[in-house]
1. Which order do D267, D109 fall in if you start with the one that has the fewest other Cβ atoms within 10 Å?
2. Could you work out how much longer the chain between K168 and F132 gets when fully extended? Use 0.36 nm per residue separation minus the Cα distance between them, nm to one decimal.
3. Give the value in nm², to one decimal: projected area of the alpha carbon convex hull of segment 212-260, averaged over all directions.
4. Which value results for Rg/Rh of segment 124-258 when Rg is the Cα radius of gyration and Rh the Kirkwood radius based on the inverse mean 1/r?
5. For segment 214-298, I need the span (max minus min coordinate) of the C-alpha atoms along each principal axis, in Å, sorted largest to smallest.
6. Mind giving me the nanometre distance, one decimal, between the label points for V285 and K188, set 7 Å out from Cα along Cα→Cβ?
7. For the ranges 55-61, 96-102, what's the packing order if you count other beta-carbon atoms within 10 Å of each residue, average per peptide, and put the highest first?
8. Can you give me the C-alpha center-to-center distance between segment 177-193 and segment 18-81, rounded to a whole angstrom?
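Readers should treat all values here as calculations from the given coordinates under stated rules, not as data from a laboratory. Keep in mind that this is a model prediction, so the values were computed, not measured. We place every Cβ from the backbone using ideal geometry, glycine too, and count neighbours over all the protein chains shown.
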Amino acid sequence: MPKISVVIPVYNKEKYVKETLQSVLNQDFNDFEVIIVDDGSTDRSIAIAKQFSSSKIKIIQQDNQGVAIARNTGVAAAQAEIIAFLDADDLWLPNHLSVINQLSQLYPDAGFYATGYKLKFNEHQYAVSFPFKDKNLLLQPYYRYDKGQALFYISNFAIKKSIFMAEKGFKPGIDAEDTEFFIRIGQKYPLAYSKITTMIHLNEAENSLFNQYRLERKIALLDFFEQAEQNDADLKAYLDMHRFTWTMEALINDNESLAKQLKQEIDTKNLNWKQKILIKLPAFVLRQLKNVQRKLQYAGIFWSAFSK
């Protein structure tokens, strides 16, 4: 039985899947299996995956049902007690699984695990850092330390299978199913975190799961925590960071009614000075700033509303 099961949902990622799978097989930790769940791809994604001859790889094919169900399917088929997720358009550095394994040994009481990562825009990479003194640490709740720039994504996240199954996995039908799941388990279990960089998040992916989210469905996750955030200041601050991001997105896309609704729900004490300015700007200015930000990122200059 492997120590770690790697679950990779795939839907029309023929441009990326070869490099993604190769990054898994290049791991310096060898005790793992790979479960690819093809969620009804119509391109050559699975044909490319089948070119790999590794006995570690198992492919499950199903009709298109969405990424939440695809991930749940992969976990159900997994043999290991630790499940590591990877999107088919992200990459692991060779140390990823060894760091996850080390965290599981250092912190046996942790329910889930995460590592440092880089963002990649075009050919430029940006290492995301957080002001933790220790290289490895236990965080509970993790969202107390997540101040806007994501502490982790799905591709540098791992969890004990027993906890995943007890929590019944990802909820289908919302477009922020990973965030909803992170919060749900974060309310109950500590996160073992390593500052070591082990993953590259590819922001330029054409149909990245991150970019496919639809705003109206994304904010549905707020309904699940409406009561909880009233009694949890850390959760309120964390969700207000999401509300801020979605307000910017709504304004940029001329959805003024949704932006107004989200603004009213934000406690401005949870915003930094840049965010307080941005949230008051008109849509045409925000669109210009977004274009400037994108150009700077693809030129190797990284700026965001969450940085100091």
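1. D109, D267
2. Gain on stretching K168 to F132: 9.8 nm.
3. Result: a mean projected hull area of 3.5 nm².
4. Ratio of gyration radius to Kirkwood radius: 0.95.
5. Sorted from largest, the Cα extents of segment 214-298 read 40, 26, 24 Å.
6. 4.5 nm
7. The most tightly packed comes first, giving 96-102, 55-61.
8. Centre-to-centre distance over Cα atoms comes out at 23 Å.
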